[in-house]
Each structure stands twice: as C-alpha cells, then as structure tokens.
1. What are the pairs, 6+ residues apart or on separate chains, where a residue within the range 20-40 that is surrounded by 22 or more Cβ atoms within 10 Å (Cβ to Cβ) has its Cβ under 7 Å from a residue that is of a type in the set (D, E, K, R)?
2. From Val93, Val88, Val80, which residue is aliphatic (A, V, I, L, M), in contact (Cβ under 8 Å) with a residue 12 or more places away in the chain and loosely packed, with under 14 Cβ neighbours inside 10 Å?
Amino acid sequence: MDNVTISGIEYELVPRKKGNRAVVVVDRGWIFAGDVTRKDGRIELSRAVWVFRWEEIGFDGVLKDPGNEKAKLRKLEQNVEIPADSEVFSIPVHDNWGL
C-alpha cells in the first residue's frame, strides 16, 4: 500500500525504519548506505551501497526512490569502514534501501 485516504484526503505512506540502515554522507562528497555499526571512532556499513550519482531528481528523489533509473547506485561486495569524524550527516532509511 502506497497511499491511504482519510476523510477524502490522500496521504502517502512512508516505510518506517525498523533496523539501523542509513544513508551516510561523508566529507569530500562520498555517499554510502548500509547497516550501521558505530564503534571505536569508526562507522562500519554492512550490505553497503555507494550512491554514485543521480540526474534531475535531486538528493531527496534518490532517498525516496533509490531504484529510479536516474539514480546510480552500486552495491558493494565488502563492508565500508569510515572514520566517524568524516561523517557530515546520516539519514535513517528502511531496512532494504538501495538493495
């Protein structure tokens, strides 16, 4: 179900975050997503995806629809490890975002 109508007004349903998956924006423009573990000053992302680029849909469009043909994501075979102080910000997303 994508939408629900209440009293004649249609609302878009947004999947709730259940786990610890997030899109992490890192300094120098790198953007990754994965299941986040924070430990000893490091951020480890398992089931990692690299948000390589997008065209015309904006960053919010990528967040809303990572499967959009205008978003270029690359699944990574290995975990990504990032120094915690390199994180600019992160955005929680649903458990299978980008996979």
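1. Once the first residue is surrounded by 22 or more Cβ atoms within 10 Å (Cβ to Cβ) and sits in the range 20-40, its partners that are of a type in the set (D, E, K, R) give Arg21/Asp35; Arg21/Asp95; Val24/Glu87; Ala33/Arg21; Gly34/Arg21; Gly34/Arg47.
2. That would be Val88, the only listed residue that is aliphatic (A, V, I, L, M), in contact (Cβ under 8 Å) with a residue 12 or more places away in the chain and loosely packed, with under 14 Cβ neighbours inside 10 Å.
Each value in this text was obtained by applying a stated rule to the coordinates, not by laboratory testing. Quick caveat, the model's predicted, so the values are computed rather than measured. Cβ: placed from backbone, ideal geometry, glycine included. Neighbour counts: every protein chain shown.
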